[in-house]
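Undergrad: Got a structure for you, questions after.
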Amino acid sequence: MNLTYKLISAHLVSGELSPGSEIGLKIDQTLTQDATGTMAYLQFESMGCERVKTELSVSYVDHNTVQVGFENADDHAYLQSVARKYGIVFSRPGNGICHQLHLERFGRPGRTLIGSDSHTPTGGGIGMLAMGAGGLDVAVAMAGGPYYIAAPRVVRVWLEGALRPGVSAKDVILAVLAKYGSSGNVGRVMEYAGPGVASLDVPSRATIANMGTELGVTTSVFPSDEETRRFLAAQGREDVWVPLCADDDAEYEETFVLDLSRVEPMAACPHNPGNVATVASLAGKRVNQVLVGSCTNSSYRDLKTVALLLRGKTIHPDVSFGVAPGSRQVVLELMREGLFQNLVEAGARILENACGFCIGNHQSPGTNAVSLRTSNRNFEGRSGTKSAQVYLVSPETAVAAALTGVVTDPTALDAPPPVRFPDRFGIDDSMFLYRETAGVGVPGAEIARGPNIGEVPSGSPLPETLDAVIAIKVGDKITTDHIMPAGARLKYRSNVPIYAKYVFEPVDPTFHDRCLANKAAGVANVIVAGESYGQGSSREHAALCPMYLGVKAVVAKSVERIHAANLVNFGIVPFVFENPADADRIEQGDAIELPGVADAVRGDGVATVVVRRTGESFRVRASLSERQRGILLAGGLMARR
């Protein structure tokens, strides 16, 4: 067995391990963050459970920590009160980023973890089966239910050699993205193996697993080895370590051999993580802003590297340079070692231990600015400035540009000494609340509900025949940021009627009004899209808010994994064109009919779309499990409460 299938087999509760077939998994741990967590806990509350039933559930506040208006503060109060009542550990604002914190303090090799954030696969860096999911799926897991995925195909990434000075894990995952792209990998797991793995510390493995999400895979997995043990021992958690690896004769869909010694500094160019080029090919490009942080590159290893590179140096006068540490532990350790002052003395803007700039919550670049960031996504407008050109790079490349004012190959600069890890980190868990009541809770505790905390809307049953209008037609690689904008709009995440006003705002701000008019007229709305629809964030609001607006189906050339699951959960049928060329036969505003759509969902998933404008018809298909058929016919998982 490969390692992926060993982890799955140990948690399999339903289905067979045949690639593509639906399987149900027992979930040991869950995590949420505040941008998606409020809705997840509202859904959990509606299930009537007295407490969470997982081994461990943690609620992190790390996304919307900028509190302009009352909404974010009210959400944080709600999250804290829910955690106390239901037996969830609560990580206070300022404690750090969920994936960095979970790796440090809670991750366990061999355990399953799902989180209402698409970068939950970070946990694969220590041998977890860690997956991003919609908030409703996380709520079901907290209530004791299984998590369903398609049994994956497993690709082995065989690592040889070791990285050169100035080259790091971010360059490795960008090299993998250059090979596989950011779409077309649904249903795959990337499993890392080979002698080169031993040369990578755990934070480096976590960086690779984290940004593997941009491939569109289910997750990424590393073995649990001696390096894993050392990391956990430094966290005072050696007792949770177990060795894990694939069998020598394990089978894989394919193997990609990557010689780490030949990896060059890389960058993802605007406006997609899969748009990869070498840093050398971009050298000399003027840079306006450099930001280090995010769940991809905010670890002790990364920030110590930055601090060492900046020692005795000053940021270029034309560059705005910001650093967002991943956790308080990282900050405190750098302070103990006398390195944090290197950042301040060099002229860095010290940002909160939070996601912040990665989701466009602050630090938006200037008009037409070039911004180099160590984060994981550079979708158009995600930074908060649509005209900005955002490049994704390693911490080493980021510092090189911050010092020179232009894109610079970091291997040309003086290399810092290798990062040495402490035998034991200073442990301060004081900003994790309710650890003593984890799994038990305080049943009589009162829930804090501000005026922005709404109710969870539920859908209506799927009609036998669907009369609909094409409410919008969009192209390829439409992200969940296109569908539900992040940044400042995220503060409305707890109030669906308000947040729904901004569905497709970056693409077509009239979408909301058009959908409500169709819904009032008794006509359903349908979305037509190209390849890789719904890539990016696990944000279930990209399905929940369209459902609220009367969307009953999506017809796309392909749909990404988490978004497809979210669509089903909220009663929206995820159809794909049987013939992708048929997308050219339908236009926005077309009235259509799907006769016998409910029978199609009950049966083989094949439905006919009749275009009334032309009288033409074509076929679409939804690949559904028996469980998903029942959910769609009912109008969504919440409709089946």
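Every read-out reported here was derived from the displayed coordinates using simple, explicitly stated rules and does not represent laboratory data. Computed from a predicted structure; not experimentally measured. When we count neighbours, we look across all protein chains shown, and the Cβ atoms used for this are built from the backbone with ideal geometry, even at glycine.
Undergrad: Net charge near Val407: determine it from the other residues with C-beta under 15 Å of the C-beta of Val407, scoring Lys and Arg +1 and Asp and Glu -1.
TA: Overall, the nearby charge balance is -1.
Undergrad: Taking the alpha-carbon centroid of each part, what is the distance from segment 426-449 to segment 256-332 in angstrom?
TA: 35 Å
Undergrad: Considering only DSSP beta bridges whose two residues both sit in the chain, what percent are antiparallel, to the nearest 5?
TA: 30 percent
Undergrad: Would you mind counting up the charge near Thr278? Only other residues with Cβ under 15 Å from its Cβ, with Lys and Arg at +1 and Asp and Glu at -1.
TA: Neighbourhood net charge equals +1.
Undergrad: Please sort 16-22, 573-579, 212-218, 505-511 by packing, taking for each peptide the average over its residues of neighbouring beta carbons within 10 angstrom, highest first.
TA: 212-218, 573-579, 505-511, 16-22
Undergrad: Order of Arg230, Arg108, Arg539, Arg84 from fewest to most other C-beta atoms within 10 Å?
TA: Arg230, Arg84, Arg108, Arg539
Undergrad: Distance from the Cα centre of segment 158-185 to that of segment 525-576, in angstrom?
TA: Distance between centres, Cα-based: 30 Å.
Undergrad: So how do Asp117, Asp318 line up by other beta-carbon neighbours within 10 Å, fewest first?
TA: With the sparsest Cβ surroundings first, the list reads Asp318, Asp117.
Undergrad: How would you rank Lys473, Lys304, going from fewest to most other Cβ atoms within 10 Å of each one's own Cβ?
TA: Neighbour counts put them in this order, fewest first: Lys473, Lys304.
Undergrad: For n ≥ 4 DSSP H runs only, could you compute -39500 (n - 2.57) per run for the chain, divide by its residues and tell me the 222 nm figure to the nearest 500?
TA: -7500 deg cm²/dmol
Undergrad: Around Met1, what is the net charge, scoring Lys/Arg as +1 and Asp/Glu as -1 over all other residues with Cβ under 10 Å from its Cβ?
TA: -2
Undergrad: Quick one: pull the percentage of alpha-carbon pairs in segment 387-453 with a separation above 17 Å.
TA: 71 percent
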